[in-house]
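A short worksheet on the structure shown next.
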Ligand SMILES: [Zn+2]
C-alpha cells in the first residue's frame, strides 16, 4: 500500500480570529492530533457554531495540543471531551491552570446569558478535561509514534503561550497559536523558529501596525498623573489574562520608582485576581527583567502597599466610598459586562475622571461606543452622560502587528515551503499572505474552512 501523506485540516480559526481548531493527520503513524479547540466568539458569543457537532469524530482523536488559555483557543475542549475525546491533552502548566479558571468563568457567563438554554458543557466536563491534561515545559520534546516529535516553543503572547513544532527527521511544521507583541513588559520574546518548512500562523493584525508601542508606558504614566492631579478616578477596563497583569506590573514599577502620585489601586475582578495568582506562581515563565526584580524585591511581584484586590461584591461596592483619587482595573475589557460597568456608571459623568482604554474595542460594544465619542450611553438601563476624559493606548496589544509578523516569517524564509495564514479576518489573512509572497518570495495562502492541505512530514 502506498504511504499516506500527512495532512492539516482547517476546522476553525480561518476567515475569522476565533474558534482555532486544526487537525494534523500523520501519514506514517496514522495519529490524529488536534491543535487548539477554541470557542467561536462573535457578537453573539454562544451561537450554533459552538454547539454543532464537530466535523470529525472526537473519539478518533489521539492528542490535543493547546497553545494558550484564551477562550478562542480552549473554549470547546469540554465539549470535545463530552463528545467522546479520550486522548491526551498537552500544554504548559500555566496554560492548564488559567484554562480551568477561564472555562469555569465561560460556563458561568453562558448560564447568565442563556437562562433558558442547557449549557453545551458542564462543570464535570471541565473536570474530565483536567484529568487527561498533561503539562510540559518550553523546549521539552514529546516523542510520539514513528519518530514524530513535538517540541514547545515560547510564543510570547500570554503567560505559558506556546508554539508547537511538529518534526520528523529534519522536516518541521510549526503551529504558532497567537504571537506576542514582543518585547512585552512581562514575557520573554517570541522564539525564533529557524529551520521551519511549513507554518500555520496567526494574522489578527495581519493588515495593521500598532501605533504607539514605544510610547505606551509614557501614555499610561500621563493618564495616571493627569487624573490624580485633577482629583479624579482612573478607570481601566482590562481583559483578565495578560492585559491586567501587564498594566498592574507597569503601575507597580512606576510606584516603586516614585514616578506617579501615590493613590490606591483596586484590582476589582475575581477572574483577574485568580489569573494574577497564576502569574505569581509561575514567575519562572516571565522574562529575566521580571525575575531579577523579584529576586531584588524579595517576591514582591504584584504586591505593593497601594494595591487592593477586591474579591467580594461588598469589597467591590466599597470602592465607591474611597477617596475619588484612585485607579480601578476591572473587567470586562470591552465593558460588555462585569464590574467595570458599576464604576463607569459612577465616574463617566465626572469631568475629573478618566476612562483609559488599553485593549481592542469590538464594534457594538459599550467600550467602542465611548471610544467613538458617545456623549451619553446606556449602562444597566440607565442613561449615563459621559463628561470624563476618554484616552486610548493601542500599544498594549498582545499580538504582533503586520510588520512584526512579516519579520517573524522572514527569519525562517530560507527553509519555508509554505505558510498557511489563519486566525485573522479574511481581509487581514489575505493581506499578510500577499505580503509574505511579495516581500519574502515564499508560498503563502489565506487558508479556508474545511481545507485539507498535504504536508511532507
Ligand atoms: Zn490569544
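Remarks
- Any hit, region 231-244, residues being within 15 Å of the ligand (Cβ to nearest atom), farther than 25 Å from residue 35 by Cα and touching a helix residue (DSSP H, G or I) at 6+ places or on another chain (Cβ under 7 Å): yes
- Output for region 105-121, where each listed residue is surrounded by 14 or more Cβ atoms within 10 Å (Cβ to Cβ) and farther than 24 Å from residue 161 by Cβ: 110, 119, 120
Residue by residue, here is whether (1) under 19 Å from residue 454 (Cα atoms); (2) away from the ligand (no atom under 16 Å from the Cβ); (3) modelled with pLDDT of 95 or more; (4) not assigned by TED's automatic domain parsing to the domain that holds residue 174 holds:
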residue	(1), (2), (3), (4)
1	yes, yes, no, yes
11	yes, yes, yes, no
17	no, no, no, no
24	yes, yes, yes, no
41	no, no, no, no
56	yes, yes, yes, no
74	no, no, yes, no
79	no, yes, yes, no
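- Selection status of residue 214, touching a residue at least 12 places away in the same chain (Cβ under 8 Å), surrounded by fewer than 21 Cβ atoms within 10 Å (Cβ to Cβ) and in a strand (DSSP E or B): no
- Residue match in region 87-94 (condition: touching a helix residue (DSSP H, G or I) at 6+ places or on another chain (Cβ under 8 Å), in the same structural domain as residue 448 (by TED's automatic domain parsing), within 16 Å of the ligand (Cβ to nearest atom) and in a strand (DSSP E or B)): yes
- Given (1) in contact with a strand residue (DSSP E or B) (Cβ under 6 Å, 6 or more places away or on another chain); (2) surrounded by 19 or more Cβ atoms within 10 Å (Cβ to Cβ); (3) not in a helix (DSSP H, G or I), number of the condition residue 341 does not satisfy: (3)
- One residue alone among 150, 224, 158, 193 is in contact with a strand residue (DSSP E or B) (Cβ under 8 Å, 6 or more places away or on another chain), assigned to a helix (DSSP H, G or I) and crowded, with 18+ Cβ neighbours inside 10 Å, and that residue is 224.
- Here residue 420 meets each of (1) in a strand (DSSP E or B); (2) more than 21 Å from residue 72 (Cα to Cα) with one exception, condition (2).
The values are calculated or read from the model by the stated rules, or taken from the named source; none is laboratory data. Note that the structure is predicted; figures quoted are calculated from it, not measured. Backbone-built Cβ (ideal geometry, glycine too); neighbour counts: all protein chains shown.
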